[in-house]
Amino acid sequence: MRLDRSAAVDLVQTSVLGRHKTAIAICNAHTILTAFDDPSFADILQQMTLLNDGTGANLASLVLHGQAFPDNLNGTDLIPSLLKSIQVPMRVFLLGAREEVLQRTRQAIEQDYPQHQVVGCRNGYFPPEENEAVCAQISSVNPDLLLVAMGNPAQERFIVENRDRIDATVCIGVGALFDFMSGSVVRAPKAVQALGLEWLFRLLQEPTRLWKRYVVGIPRFLLAINRLRSKT
């Protein structure tokens, strides 16, 4: 969807107020490239409301459609914005990340957005046989907003494959959000963000984990977009 940040916040608020189940994926270049590589993941994304994240997604839109997105809707900025802007009290469940990161994220939300209630948490490190129990735990507290920080494609698969088991109104895959909200990972300076180089800042922070995503992934993404353009 081509939404600015205000419209994206309104989408979540309208869904919460209307009890309309909504599954949201925030798609950056890595998400898009993963969908190119894995048709089953592409099918998962087609069942969700898609929001754009980052320079890569914006570049793809410019190349393929001749227009940029109205706003960069990365989860690191969008989720705090909607928690601040939506004054209707929401019941929030946090799923994902390591336990210590999860608990610090919970504390940050409770401190910064006291109008909302964190009704439950579960770290993202559970075996497949515990999936039903995790879904039951979430449903037992009936959250308005479920934030899933398991990285993609895992978080999007979890949301779509379990949507009928989860009694949650709005489910959003939020990637590394908990790392930033908890203070476990330092955000790039505003000037670096404005230049569209936050990916480089992250790569320098975590080169071992992220080198393949950026050093290999960015050229592959550009080639994939160029191939798509040549077909249109």
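Quick notes on this structure:
- Cross-link partners for residue 84 among the lysines, with Cα-Cα distance under 17 Å and sequence neighbours closer than 8 places in the same chain left out, do not exist in this structure.
- Given +1 at the Cβ of Lys and Arg, -1 at the Cβ of Asp and Glu and no other charges, the dipole of segment 109-232 around its Cα centre is 1000 debye to the nearest 20.
- Overall dimensions of segment 1-66 as given by Cα atoms, namely Rg and Dmax in Å: 13.1, 37
- Residues with amide H under 5 Å from that of residue 27, placed H, sequence gap 5 or more: 51, 52, 53
- Normalising the average separation of contacting C-alpha pairs (under 8 angstrom, six or more residues apart) by the number of residues puts the relative contact order of segment 72-169 at 31 percent.
- Couplings 3J(HN,Hα) for segment 30-47, derived from phi with the Karplus relation 6.51 cos²θ - 1.76 cosθ + 1.60 (θ = phi - 60°), are 5, 4, 5, 5, 4, 5, 4, 7, 10, x, 5, 6, 4, 5, 4, 5, 5, 9 Hz, where x marks Gly and Pro.
- Dipole of segment 161-232, positive end: most advanced residue of 195, 224, 169 [Cβ charges, Cα centre]: 224
- In segment 136-207, Cα pairs under 8 Å separated by at least six residues give a relative contact order of 31 percent.
- Net +/- balance of residues flanking residue 219 in space, Cβ distance below 15 Å, scoring K and R +1, D and E -1: +3
- Using a Förster distance of 35 Å, the FRET efficiency for residue 157-residue 111 (Cβ separation, nearest 0.05): 0.65
- Listed residues 45, 30, 178: farthest to the positive end of the dipole of the chain (Cβ charges): 30
- Stokes-Einstein D for segment 98-191, Kirkwood Rh over Cα pairs, 20 °C, 1.002 mPa s (µm²/s): 153
- Cα-only radius of gyration and Dmax that characterise the chain, units Å: 17.3, 50
- Backbone N within segment 179-195 under 17 Å of label point (7 Å from residue 204 Cα along the Cβ vector): 185-195
- Net charge of the neighbourhood of residue 160, taken over other residues with C-beta under 15 Å away and scored Lys/Arg +1, Asp/Glu -1, is -1.
- The Kirkwood radius of segment 23-122, taken over pairs of alpha-carbon atoms, gives through the Stokes-Einstein law at 25 °C and 0.890 mPa s a diffusion coefficient of 159 µm² s⁻¹.
- Residue-wise HN-Hα coupling along segment 158-170, computed from phi with Karplus coefficients 6.51, -1.76, 1.60 (Hz; x: Gly, Pro): 4, 4, 6, 5, 10, 4, 7, 8, 9, 8, 9, 6, 10
- Highest mobility in the GNM of the chain, judged by mean-square fluctuation with C-alpha springs under 10 Å and restricted to 145, 64, 78, is found for 64.
- For segment 218-231, 3J(HN,Hα) computed residue by residue from phi via the Karplus equation (6.51, -1.76, 1.60; θ = phi - 60°) reads 4, x, 5, 5, 4, 5, 5, 5, 4, 5, 5, 4, 5, 8 Hz, glycine and proline entered as x.
- Using the 1.4 Å probe convention, the accessible area of segment 25-133 works out to 47 Å² per residue with neighbouring protein chains retained.
- Contact order for the chain, expressed relative to its length and based on alpha carbon pairs under 8 Å spaced 6+ residues apart, stands at 23 percent.
- Taking the 1.4 Å solvent-accessible surface of segment 10-120 as the whole, the part contributed by carbon and sulfur is 51%.
The values are calculated or read from the model by the stated rules, or taken from the named source; none is laboratory data. Computed from a prediction, not measured in an experiment: that's the story for all the values here. Positions of Cβ are generated from backbone atoms using ideal geometry, with glycine treated the same way; all protein chains shown enter the neighbour counts. What goes into the accessible areas is simple: the full protein's heavy atoms, side chains included, and nothing from ligands, DNA or RNA. Shrake-Rupley method; radii C 1.70, N 1.55, O 1.52, S 1.80 Å.
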